[in-house]
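K.L.:
Shown below is the structure under consideration.
The values are calculated or read from the model by the stated rules, or taken from the named source; none is laboratory data. The model shown is predicted, which means the values in this text are computed figures rather than measured ones. Every residue, glycine among them, receives a Cβ derived from its backbone with ideal geometry; neighbour counts consider all protein chains shown.
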């Protein structure tokens, strides 16, 4: 037996196959009892993730307390993964990087921030990366603007304070049109450019018509007009009707920047 394992604290098998064989030789009930015993002696302060795993393996049915422990464990693992990613990026930045490599580090940092739940930081970082990518790779720049738009949309609060969404829209609007649009190019265009209906609403609002008057002309409810105007203001990077005239003057007939 000593040729297969070393007994101490902890027990170590000399080969992973030996550990697997020993584990599988026990019945399912015996394995559950073993996991329950190991969970009982595992310190929840020192090794909460291992304890959660043993408790889950010992469970005989749905257990809300065990599920909560596993959820916490997953959160710790995710946070650790993001921390490791940021450490790797910091290591990369410590070395001499050319402009493209530095830009890609910005892109990765923005993606990590967005994925970790920091939408506002992620949106700003992704906007910076998208702008820096434009001279190197317009397709990747468009993809990054689209991701930045998503991050900003998630992070935007009710007041819109600190919202970079209008800035993302303006930057994406200024991109040259793609040669053969991909689905994501069309998606980005739909998110940042005025639709034909939005152009109509914007021009009528610029000319002083109220929401009910605009709705009557376009067969829309006043609430729909209000909702569309909010989208128009975001896409144009403005905050009120008073700014519509100047903003629309910068646009061509099709809603594209002149």
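K.L.:
Under 7 Å by Cβ, and 6 or more places apart or on different chains, what pairs join a residue from segment 21-44 that is closer than 10 Å to residue 58 by Cα and outside the structural domain of residue 55 (by TED's automatic domain parsing) with one that is surrounded by 11 or more Cβ atoms within 10 Å (Cβ to Cβ) and at pLDDT 85 or above?
P.N.:
none
K.L.:
A further question follows. Considering only segment 138-155, I want to know if a residue exists there that is part of a loop (DSSP other than H, G, I, E, B) and in contact with a helix residue (DSSP H, G or I) (Cβ under 6 Å, 6 or more places away or on another chain). Before you say what the answer is, go through the steps one by one.
P.N.:
Applying the first criterion (part of a loop (DSSP other than H, G, I, E, B)) to segment 138-155 yields none.
No.
K.L.:
Restricting attention to segment 192-213, does a residue exist that is within 19 Å of the chain's Cα centre (by Cα) and surrounded by 15 or more Cβ atoms within 10 Å (Cβ to Cβ)?
P.N.:
Step one: of segment 192-213, the residues within 19 Å of the chain's Cα centre (by Cα) are 192.
With surrounded by 15 or more Cβ atoms within 10 Å (Cβ to Cβ) added as a condition, the list becomes 192.
Within segment 192-213, one or more residues are within 19 Å of the chain's Cα centre (by Cα) and surrounded by 15 or more Cβ atoms within 10 Å (Cβ to Cβ).
K.L.:
Residue 208 - would you say it is in a loop (DSSP other than H, G, I, E, B) and either more than 20 Å from residue 123 (Cβ to Cβ) or not assigned by TED's automatic domain parsing to the domain that holds residue 242 (or both)?
P.N.:
Details: in a loop (DSSP other than H, G, I, E, B): yes; either more than 20 Å from residue 123 (Cβ to Cβ) or not assigned by TED's automatic domain parsing to the domain that holds residue 242 (or both): yes.
Yes: the conditions hold for residue 208.
K.L.:
Could you tell me whether residue 167 is assigned by TED's automatic domain parsing to the domain that holds residue 120 and assigned to a helix (DSSP H, G or I)? Write out each step before concluding.
P.N.:
Numbers: assigned by TED's automatic domain parsing to the domain that holds residue 120: yes; assigned to a helix (DSSP H, G or I): yes.
Taking the combined requirement at face value, the residue satisfies it.
K.L.:
Name the residue that is farthest from residue 155 (Cα to Cα), counting only residues in segment 113-132 that are at pLDDT below 85 and in a helix (DSSP H, G or I). Quick ask: steps written out before the conclusion?
P.N.:
Filtering segment 113-132 for residues at pLDDT below 85 gives 115-120.
This time we only want the ones that are in a helix (DSSP H, G or I), so: 115, 119-120.
Numbers: 115: 12, 119: 5, 120: 5 Å.
Taking the candidates together, the pick is 115.
Each row is one residue, and each column tells you yes or no for (1) free of Cβ contacts under 8 Å to residues at least 60 places away in the same chain; (2) within 19 Å of residue 184 (Cα to Cα); (3) surrounded by 15 or more Cβ atoms within 10 Å (Cβ to Cβ).
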{"position": "97", "(1), (2), (3)": "yes, no, no"}
{"position": "106", "(1), (2), (3)": "yes, no, yes"}
{"position": "122", "(1), (2), (3)": "yes, no, yes"}
{"position": "128", "(1), (2), (3)": "yes, no, yes"}
{"position": "146", "(1), (2), (3)": "yes, yes, yes"}
{"position": "155", "(1), (2), (3)": "yes, no, yes"}
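K.L.:
Continuing with the same structure: Can you pull out every residue in segment 172-191 that is crowded, with 17+ Cβ neighbours inside 10 Å and within 24 Å of residue 241 (Cβ to Cβ)? Please lay out each step first, then the result.
P.N.:
Here is the first cut: in segment 172-191, the residues crowded, with 17+ Cβ neighbours inside 10 Å are 172-173, 175, 185, 188-189, 191.
Within segment 172-191, 172, 173, 191 qualify.
K.L.:
Since residue 223 meets every condition but one in (1) in contact (Cβ under 8 Å) with a residue 60 or more places away in the chain; (2) more than 21 Å from residue 141 (Cα to Cα), which condition does it not meet?
P.N.:
For residue 223, the failing item is (1).
K.L.:
Also, quick follow-up: Any residue at all in segment 237-251 that is assigned by TED's automatic domain parsing to the domain that holds residue 117, in a loop (DSSP other than H, G, I, E, B) and surrounded by 15 or more Cβ atoms within 10 Å (Cβ to Cβ)? Break it down stepwise before answering.
P.N.:
Step one: of segment 237-251, the residues assigned by TED's automatic domain parsing to the domain that holds residue 117 are none.
No, that holds for no residue.
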